[in-house]
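Please treat every number below as a calculation from the coordinates, not as lab data. Here the structure is a predicted model, which is why all the values come from computation and not from measurement.
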Amino acid sequence: MTERTAVITGAGQGTGRAIALRFAAAGIKTMLVGRTESKLRAAADEIAALGGEASFRALDVTDDAAVAALGERLADETVDILVNCAGDWLIAHLQDTSNEQLDHILRVNLRAPYILSRVLLPNLRRSDNASIINIGSIVTSISVPTVTAYTAAKVGLKGLTGSLAAELRPERIRVVMISPGPADTPMREAASPGIDKAVLVQPETIAEMAHAVVTLPRGITTSDFTLHSLTFEPPD
């Protein structure tokens, strides 16, 4: 069996890290991308200890030059899977959200997946069963107050996912968005300290779904979908 390779952003912690570990357990070679080198190194070391293979590259996904350099680093290599998982969160009323905050949320959650997908598309086209997975949010299907900037970005990501899926369908490259409800990650803990863990989706569950998507046979895809706890109740 040909070795498969995945590039995973936001791989130093939370959902991105869980996806990297799950892929590595399945024998997928992973490149871990994130801002904090120490976290990436720790994840890569854990993968190596489990018998997997991982490299890492510390960069900010909103830095166009750094993303371009990543593309140059991969050059003529094949990439079978791109997981756009890096993201950021903002809880603030509309009137309290600055232009700079809005720009940051849009750049991390929407613009970066767009640019990364474009930069790595030549590598994905070399694969015989390529996948792009965008990690979305349940806010694309329910309305939640005080997350207007984040919702705008994730709804935009949903539109990007659908349009790109249609664009790449003739090439049999699947593009799917997985939209979790509140997940048990450091980002969620920072946003909602003390939240009841029973309402959270475990990162490992999201990772299992991501693995299921990328192991579909060539030419087969699935619709975008949400994952959430049965005890999760959307706010009024």
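Under 5 Å from the amide H of His228 lie the amide H atoms of Gly181, each residue being 5 or more positions distant or on a separate chain, with H modelled from the backbone and absent for Pro and chain starts. Comparing Leu32, Leu59, Leu74 in a Gaussian network model of the chain, where Cα atoms under 10 Å apart are tied by springs, the biggest mean-square fluctuation is seen for Leu74.
One decimal place: the segment Asp45-Arg73 gains 8.0 nm when fully extended, by the rule 0.36 nm per residue minus the C-alpha distance. Per the Kirkwood formula applied to alpha carbons, region 102-170 shows a radius of gyration over Rh ratio, Rg over Rh, of 1.03. Diffusion coefficient (Stokes-Einstein, Kirkwood radius over C-alpha pairs, 25 °C, 0.890 mPa s) for the chain: 137 µm²/s, rounded to a whole number. Once both axes come from the Cα atoms, what is the angle between helix 37-49 and the longest principal axis of the chain, in degrees from 0 to 90, rounded to 10? Computed tilt is about 50 degrees.
Under a 5 Å amide H cut-off, with hydrogens placed 1.01 Å from N, Val175 pairs with Ile132 among residues at least 5 apart or on other chains. Would you compute the Debye intensity of region 46-100 from its alpha-carbon atoms alone, equal scatterers and no solvent, and pass along log10 I(q)/I(0) at q = 0.13, 0.27 Å⁻¹ to two decimals? Treating every Cα as an identical point scatterer, log10 I(q)/I(0) equals -0.57, -1.24.
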